[in-house]
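One structure is given here, and the rest of the page talks about it.
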Amino acid sequence: MESLKPSTETLILDAAQAVFLEKGLAGARMQEIADRAGINKALLHYYFRSKEKLSGIIISRAIGVIMPRMMGVLETDQDLFEKIRNVVNTFISFMSHNSYLPLFMVNEVNRNPQFFFTAAIQQEKPHLDKFCRQVDEAVAQGRIRPISSTQLLMNMMSMLVYPFLGKPIFRVALGLTEEAFQEEMERRRTDVADFIIKSIEA
């Protein structure tokens, strides 16, 4: 296949990502993706022959951005509490520009788990050895209460992911505009980190 110019490829993938995140794979239409990219449908099909192929690229692309960022923070030599604050900040910064991604990913996992994980495992397996040792050492030193690194990470990610996952519900139930929702997510940069740190401090 003839390679696309980077600018054109980015244009198509950005358009596909926007449509997939808004409507999911089942609701997305190649014509709408082509329209958003400013190209004709025939050209879109020439380079990306199916929604499934595009969806796989979008999943891999998104994971390929957020995973290295998160792992990069977790594997630094920062103080544990400072690291928690930076993980929270990194995740919210990314999701604030991709807020439909968690819901899209959950929907696609339920719809076709094999397809999703095939796309996802193209990314390098995360390495968390340093973070795990850091948590164990903090527990041994009596700096934080006994907790496994697994539970700490699960607690943190649950508090970060769920508001974006439940965004449609929160917006309707609480009467939040998109701007108001983003303001609440900005508050969570501090609130989530403070909550997690206070919950583990000895």
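The values are calculated or read from the model by the stated rules, or taken from the named source; none is laboratory data. Note that the structure is a prediction, hence the values are computed from the model and not measured. Heads up, the Cβs are rebuilt from the backbone with ideal geometry, glycines too, and the neighbour counts pull from every protein chain shown. Areas reflect the complete protein model, heavy atoms only, side chains present, ligands, DNA and RNA absent. Shrake-Rupley method; radii C 1.70, N 1.55, O 1.52, S 1.80 Å.
Sort 22-28, 91-97, 168-174 for me by packing, meaning the mean count of neighbouring Cβ atoms within 10 Å per residue, highest on top.
With the highest mean Cβ count within 10 Å placed first, the list reads 91-97, 22-28, 168-174.
Relative to the dominant Cα principal axis of the chain, helix 178-200 is inclined by about 30°. A helix-only calculation puts the chain at -25000 deg cm²/dmol for mean residue ellipticity at 222 nm, using -39500 (n - 2.57) for each DSSP H run of at least four residues, averaged over all residues. Taking the charge dipole of the chain about its Cα centre, with +1 at Lys and Arg Cβ atoms and -1 at Asp and Glu Cβ atoms, the residue from Phe94, Gly56, Leu153 reaching farthest to the positive side is Gly56.
The alpha carbon gyration tensor of region 39-195 gives principal lengths a ≥ b ≥ c with a/c of 1.5 or higher and a/b no greater than b/c, which makes the shape oblate. Principal-axis analysis of the Cα atoms of the chain puts helix 6-27 at an angle of about 80° to the longest axis. For the chain, with all protein chains in place and a probe radius of 1.4 Å, 56% of the accessible heavy-atom surface sits on carbon or sulfur.
What does the charge count near Ala138 come to, summing +1 for each Lys or Arg and -1 for each Asp or Glu among other residues with Cβ under 12 Å from its Cβ? My count for the surroundings of Ala138 gives 0.
Rolling a 1.4 Å sphere over the protein heavy atoms, what is the accessible area per residue of the chain, to the nearest Å²?
That works out to 55 Å² for each residue.
Distance from the C-alpha centroid of region 129-151 to that of region 173-202: 24 Å, rounded to the whole angstrom. Considering only Cα-Cα distances, which of the following residue pairs are longer than 32 Å: Lys51/Lys167; Lys167/Lys198; Lys53/Lys167; Lys130/Lys198; Lys51/Lys83? Violating the 32 Å limit, Cα to Cα: Lys51/Lys83. Helix 51-74 and the longest principal axis of the Cα set of the chain meet at an angle near 20°.
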